[in-house]
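These notes are about the structure you will find just below.
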Amino acid sequence: MDAESNDRKSGKLCEYASRNPLRIPKITSNLEQRCFKDLRNENFGCVKAVLCIYRKLLSSCKEQMPLFASCLLGIIRALLEQTRQDEMRILGCNALVCFMGEHCHISMDFDSEHMPYALFSFKDRQGNSETES
């Protein structure tokens, strides 16, 4: 029941954002701050909820994506930099794939050099732990 309620609320938030595109920067800024706070406090359930909202925004607000892309990419970068939490790094990888898949045709101005490095370092770390076992 709680998951249904959260899904309904996030759906309504995305509908509101699509109807009021000028509010998207404020909405996503608040989501970004919330995500960073929950990441620091290791409240990973809320981090997952924020990313679920961003996935819905990616699909429902495609035209407004430039208004929230930098916030989402900041969250993805923070998730990829979580060296102690592989689950969060995997979540970051999945979010990046979702972002790239939805909007690969739009050129964005962000530090794209860091993303592949973080992905490959995560892959190498995973590969090393498998060979050590």
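Looking at region 7-65, which of its residues are among the small types (Gly, Ala, Ser) and touching a residue at least 40 places away in the same chain (Cβ under 8 Å)? Working first, answer last.
Here is the first cut: in region 7-65, the residues among the small types (Gly, Ala, Ser) are 10-11, 17-18, 29, 45, 49, 59-60.
The answer is Ser10, Gly11, Ala17, Ser18, Ser29, Ala49, Ser59, Ser60.
Go through region 29-86 and count every residue that is under 13 Å from Ala17 (Cα atoms) and among the aliphatic types (A, V, I, L, M).
Number of matching residues: 6.
Where the second residue is outside any helix (DSSP H, G or I) and the first is closer than 19 Å to Cys52 by Cα and lies in region 81-98, which pairs have Cβ atoms under 7 Å and are six or more apart or on separate chains?
Met88/Gln82; Arg89/Gln82
Across region 35-69, what is the total count of residues that are touching a Cys at 6+ places or on another chain (Cβ under 7 Å) and charged (D, E, K, R)?
So the count comes out to 3.
Does region 86-113 hold any residues that are polar (S, T, N, Q) and at pLDDT 85 or above, and which are they?
Step one: filter region 86-113 for residues polar (S, T, N, Q), giving 94, 107, 112.
Passing the criteria: only Asn94.
Residues that are surrounded by 18 or more Cβ atoms within 10 Å (Cβ to Cβ) and over 11 Å from the mean Cα position of the chain (by Cα), at least 2 per element: which helices (runs of 4 or more DSSP H) completely within region 1-87 meet that?
Numbers: elements: 2-19, 24-40, 44-60, 69-80.
Result: 2-19, 24-40.
The values are calculated or read from the model by the stated rules, or taken from the named source; none is laboratory data. What you are looking at is a predicted structure, and each value in this text was computed from that prediction instead of being measured. Cβ atoms come from the backbone with ideal geometry, glycine included; neighbour counts cover every protein chain shown.
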